[in-house]
Amino acid sequence: MDYPHSERLHQLTSQYRRQLAEVGETQRKLREISCTASAPRHAVTVTVTHGGVVADIKFPSGAYRRMAPAELAGVLLKTLAEAQRLARRAAAEVVAPTLPPGMDAQKLFSGEVDLQSLLTPEPELRDVTRDLMDIRD
């Protein structure tokens, strides 16, 4: 027996499964992000993962030995910031195809997008509807 809405239900189920698989693939790609930045003269090299988590810090040359502590700290922080910028860019490239048209993934990952602006405003509800739903302001 064929029900009138069975084909539509099958389409929706297939669409859901496809989207679920895409989300899993996006998460896998995000977990694989690893970006490395090097300071001038290779005083320091910093590797970060998605989210900017520091995975490794190396001092590939002896250049750091000739630096004052404050200078080394500055170079380290600048190199870390560059590695994090590269990781944000890589994450934005992974996520961009999943975003609504017109949304800039780079701006989203840099914090330039007001996330509240993406939400629809709360709909106007009549008093009777509020009573039925037991919602109060």
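Report the local net charge at Lys29: Lys and Arg +1, Asp and Glu -1, summed over other residues whose C-beta lies under 13 Å from its C-beta. Local net charge: -2.
Annotation: Cα Rg of region 6-74 relative to the compact-globule expectation 2.2 N^0.38 Å equals 2.01. Within straight-line reach of Lys58, meaning a Cα separation under 17 Å, sit the following lysines at least 8 residues removed in sequence or on another chain: Lys78.
The Kirkwood radius of region 16-56, taken over pairs of alpha-carbon atoms, gives through the Stokes-Einstein law at 25 °C and 0.890 mPa s a diffusion coefficient of 206 µm² s⁻¹.
Computed from the coordinates by the stated procedures, all read-outs in this text should not be read as laboratory data. On a predicted model such as this, the values are computed, not experimentally measured, just so you know. Quick reminder, even Gly has a Cβ in these numbers, built from the backbone with ideal geometry, and neighbours come from all protein chains shown.
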